[in-house]
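Presented below is the structure to which this report refers.
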Amino acid sequence: NLPEQYTSLENSSVVFLPIPFDHTTSYQKGTDKGPEAIIEASTYLELFDIETGLEIYKRGIHTANPVKAKNSEEMVKAVYQNVTHYLQKDKFVISVGGEHSISEPIVRAHVDHFGPLTVLQLDAHGDLMPALHGNPLSHGSVMARINELKKVERSVSVGIRSMAKEESAFVKKENMF
């Protein structure tokens, strides 16, 4: 409900990119409802940040059209293209999904644009399966795909409590907490 001067793509330094993808979730469906729920909840937030003393929305926050896809391959391509598009426009991209599998094309777009970086994974699971249920683009394989990216110098995983035995061969213990 902000004025156009704070929400248009041209006037915004931040792009909020909803990715309501929920095709490989194992346990419970519904991750596709996350972006819409966050957008709805955001209308109830106060706009002044007491820690910084700023009204950060005045830098402009544009909510992009949701990235929709019928399958993993289509999602990976569409997310990469969208994130790359906004990065090339010098926007700070906040991507919200959906299931974990959306992360690989987001990370890939960032390393392609900015160069080498470190990825911080906050998760209860390793997500290091070569493929889950035959899908190498699955939510359970996302960190395996991210770790394959040459420009990802390191990934640090925090909160991991369990994983499949097959994943343990891919763990770098010094980077898992």
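The values are calculated or read from the model by the stated rules, or taken from the named source; none is laboratory data. All values reported here derive from a predicted model rather than from experimental measurement. Note that each Cβ is placed from the backbone with ideal geometry, even for glycine, and that neighbours are counted across all protein chains shown. With ligands, DNA and RNA removed, areas are computed over all heavy atoms of the protein, side chains included. Shrake-Rupley method; radii C 1.70, N 1.55, O 1.52, S 1.80 Å.
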- Item | Which numbered condition Lys77 misses (of (1) open to solvent by 80 Å² or more (accessible area, probe 1.4 Å); (2) touching a helix residue (DSSP H, G or I) at 6+ places or on another chain (Cβ under 8 Å); (3) under 19 Å from Asp127 (Cβ atoms)) | (3)
- Note on the structure: Within region 22-53, of all residues that are more than 28 Å from Thr84 (Cα to Cα) and aliphatic (A, V, I, L, M), the one surrounded by the most Cβ atoms within 10 Å (Cβ to Cβ) is Leu47
- Item | Considering residues of region 84-115 that are open to solvent by 30 Å² or more (accessible area, probe 1.4 Å) and among the aromatic types (Phe, Trp, Tyr) only, the residue farthest from Gly60 (Cα to Cα) | Phe114
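Output the residues belonging to region 11-20 that are in a loop (DSSP other than H, G, I, E, B) and either over 26 Å from Asp90 (Cβ atoms) or at pLDDT 95 or above (or both). It would help to see each step written out before you state the result.
The first filter runs over region 11-20 and keeps only residues in a loop (DSSP other than H, G, I, E, B), leaving 11-13, 20.
Result: Ser12, Ser13, Pro20.
For residues that are part of a strand (DSSP E or B) and β-branched (Val, Ile, Thr), scanning just region 116-142, find the one that is least open to solvent (accessible area, probe 1.4 Å). Full working, then the answer.
Looking only at region 116-142, we keep the residues that are part of a strand (DSSP E or B), and these are 117-122, 125, 132, 135.
Next, from what is left, pick out any that are β-branched (Val, Ile, Thr): 118-119.
Values: Thr118: 75, Val119: 16 Å².
Per the criteria, the residue is Val119.
For Ile19, are the conditions met, namely being surrounded by 12 or more Cβ atoms within 10 Å (Cβ to Cβ) and under 19 Å from the mean Cα position of the chain (by Cα)? Don't jump to the end; show me each part of the working.
Numbers: surrounded by 12 or more Cβ atoms within 10 Å (Cβ to Cβ): yes; under 19 Å from the mean Cα position of the chain (by Cα): yes.
Spelling it out, Ile19 is indeed surrounded by 12 or more Cβ atoms within 10 Å (Cβ to Cβ) and under 19 Å from the mean Cα position of the chain (by Cα).
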- Message: On the basis of being open to solvent by less than 30 Å² (accessible area, probe 1.4 Å), part of a loop (DSSP other than H, G, I, E, B), at pLDDT 95 or above and of a type outside the set (Lys, Arg), does Ala69 make the cut?
- Response: yes
